[in-house]
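Presented below is the structure to which this report refers.
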Amino acid sequence: MDTPNFNNSTNIIEKGISQDYNYLKLQSINEKKPFSGNNSFGGAKLLSRMDDNQVLNSEFGINNIMQPFALGRKEDFSVANKNTSTDVEYLPSPFIIANTTEVELHHLKNDCIIPVFSKDNEKTIAHQEFIDVILNAIQSAFPHQSIDIPEIRVSHQIKGRTPDAIHLNVKDLLENQKTIYYERMAFIIRIPSITDVINGNELSLTVGGVRSYNLENLYNKKSFEKFKIFIGFQNKVCCNLCISTDGFVEEMRVASTQELYNKALKTMQNYNAENHLMEMKELTYDFLSDHQFAQLIGRSRLYQHLPKSERQAIPILNFNDSHINTMAKDYYEDKNFCRKEDGSINLWNVYNLFTQANKSSYIDTFLDRNLNAFEFSKGLQKTLNGNENYHWFLS
């Protein structure tokens, strides 16, 4: 198999969203077939936002694609908001906030240096290479779907200067004498032609990843490098990410971009989108009373201070007091996921209160907590239906 070219991905996507939208029609969960190679599937036209100059990855010989999606047309992007009973347009907001800054792929490629392993001067897989690899993997897994440009957030800027500026004061440095790179980077790439609606919220299939150089030993020789990648859905009404176990790799260790590409593609192929959507839809069927939600908030604050022996007997909750305070506030004030008039709240909204609060997490813990939010919400659902594992949080 020919080695994919990971350096020509920046021109493949047009920014913005067309007026024609597609939504996801779920097939039987028991079915798992590859995409048709034709330009239509199940009688529905498949759209592509690929640039004419982009060469698709069909020559890579990648044929095992994810389970099928039948796409239909949707004429209007506005949906009825269940809390306000009015039509609202989705406004973009960051998928993570914390101390991050949004940057363009062009900035990473042209303005940032590439860290190396100091003992052998071997380069790391740079942030921009990581993004290019995932873009190519998405093209192979979804050859007929529209793809948005990457949304990239960075933090922990590492500054330096060129040798000719060794004696200059900071205020006298010219732009070409400054060097930077970012210790941590997270990105998402939306596939807006694959969507579904849960509880009035439109979700779009999304792929993304996280890279943290602080997890690498850059003072040693080159070794396996660590990445986090996911495939899941993004809630368009709030830009919260929805991640499940089979769509998330917490630590992907690779030695090359080719190995990264192969493992990323395999993750996309193994992801069961239908099952993930079904599990999220089931969260809308169960409710917490105002008393139960108050118990959840109080117990969650106590959880952080439990003796280790007691905490080991309780399911893991990776959210701290700051996150729980945000959830308590949003329970009353969030326009999309707040309580009902009687104080009750369904578990889909509770889940989104978790993922909304998670936006204040640092990049290197963001995806792990997002997965924990989904697992924890499913655990609460099981408790409401007779399972005792999460009973402590509601008692």
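Working only within the stretch 227-275, note down all residues that are among the charged types (D, E, K, R) and farther than 15 Å from Gly209 by Cα.
Looking only at the stretch 227-275, we keep the residues that are among the charged types (D, E, K, R), and these are 228, 236, 246, 250-251, 253, 259, 263, 266, 274.
Scanning the stretch 227-275 gives Lys236, Glu259, Glu274.
Quick one: count up the residues across the stretch 163-179 that are closer than 17 Å to Asn110 by Cβ and assigned to a helix (DSSP H, G or I).
Of the residues in the stretch 163-179, the ones closer than 17 Å to Asn110 by Cβ are 174-179.
Among the residues that remain, those that are also assigned to a helix (DSSP H, G or I) are: 175-177.
Number satisfying all stated conditions: 3.
Say whether the condition of being touching a helix residue (DSSP H, G or I) at 6+ places or on another chain (Cβ under 7 Å), among the hydroxyl-bearing types (Ser, Thr, Tyr) and over 23 Å from Gly209 (Cα atoms) is met by at least one residue in the stretch 354-363.
Within the stretch 354-363, the first condition is being touching a helix residue (DSSP H, G or I) at 6+ places or on another chain (Cβ under 7 Å), and the residues that meet it are 354-358, 360-361.
Then keep just the ones that are among the hydroxyl-bearing types (Ser, Thr, Tyr); that gives 355, 360-361.
Okay, now just the ones that are also over 23 Å from Gly209 (Cα atoms), so none.
Looking for residues that are touching a helix residue (DSSP H, G or I) at 6+ places or on another chain (Cβ under 7 Å), among the hydroxyl-bearing types (Ser, Thr, Tyr) and over 23 Å from Gly209 (Cα atoms), one finds none in the stretch 354-363, hence no.
State whether the residues of the stretch 136-154 include one that is of a type in the set (Ser, Thr, Tyr) and in a strand (DSSP E or B).
Residues of the stretch 136-154 that are of a type in the set (Ser, Thr, Tyr), as a first pass: 140, 146.
Checking which are in a strand (DSSP E or B) leaves us with none.
Scanning the stretch 136-154, I find no residue that is of a type in the set (Ser, Thr, Tyr) and in a strand (DSSP E or B), so the answer is no.
Restricting the stretch 375-392 to residues that are under 27 Å from the mean Cα position of the chain (by Cα) and in contact (Cβ under 8 Å) with a residue 40 or more places away in the chain, which is farthest from His276 (Cα to Cα)?
Once the filter is applied, the top-ranked residue is Tyr390.
Okay, residues lined up against (1) closer than 30 Å to Asp286 by Cα; (2) of a type in the set (Lys, Arg):
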| residue | (1), (2) |
| --- | --- |
| Ile191 | yes, no |
| Lys221 | no, yes |
| Glu225 | no, no |
| Asn240 | yes, no |
| Thr245 | yes, no |
| Glu250 | yes, no |
| Ala264 | no, no |
| Ala273 | yes, no |
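The rows are residues; the columns are (1) more than 19 Å from the chain's Cα centre (by Cα); (2) closer than 22 Å to Ala186 by Cβ; (3) modelled with pLDDT of 95 or more.
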| residue | (1), (2), (3) |
| --- | --- |
| Lys222 | yes, no, no |
| Ile231 | no, yes, yes |
| Asn240 | no, yes, yes |
| Ser244 | no, yes, yes |
| Phe248 | no, yes, yes |
| Ala273 | no, yes, yes |
| Glu279 | no, no, yes |
| Thr284 | yes, no, yes |
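Only one of Asp364, Asp342, Asp330 is surrounded by 13 or more Cβ atoms within 10 Å (Cβ to Cβ) and either in a loop (DSSP other than H, G, I, E, B) or at pLDDT below 95 (or both); which? First the steps, then the outcome.
Values: Asp342 fails: surrounded by 13 or more Cβ atoms within 10 Å (Cβ to Cβ); Asp330 fails: either in a loop (DSSP other than H, G, I, E, B) or at pLDDT below 95 (or both).
Result of the check over Asp364, Asp342, Asp330: Asp364.
Could you grab me the full set of residues in the stretch 367-390 that are surrounded by 15 or more Cβ atoms within 10 Å (Cβ to Cβ) and under 12 Å from Ile314 (Cα atoms)?
Phe376, Gly379, Tyr390
Quick one: would you say Ile158 is among the aliphatic types (A, V, I, L, M), out of contact with any His (no Cβ under 6 Å at 6 or more places or on another chain), surrounded by 18 or more Cβ atoms within 10 Å (Cβ to Cβ) and not in a loop (DSSP other than H, G, I, E, B)? Reasoning before the result, please.
Working: among the aliphatic types (A, V, I, L, M): yes; out of contact with any His (no Cβ under 6 Å at 6 or more places or on another chain): yes; surrounded by 18 or more Cβ atoms within 10 Å (Cβ to Cβ): no; not in a loop (DSSP other than H, G, I, E, B): yes.
Answer is no for this residue.
The values are calculated or read from the model by the stated rules, or taken from the named source; none is laboratory data. Keep in mind that this is a model prediction, so the values were computed, not measured. Backbone-built Cβ (ideal geometry, glycine too); neighbour counts: all protein chains shown.
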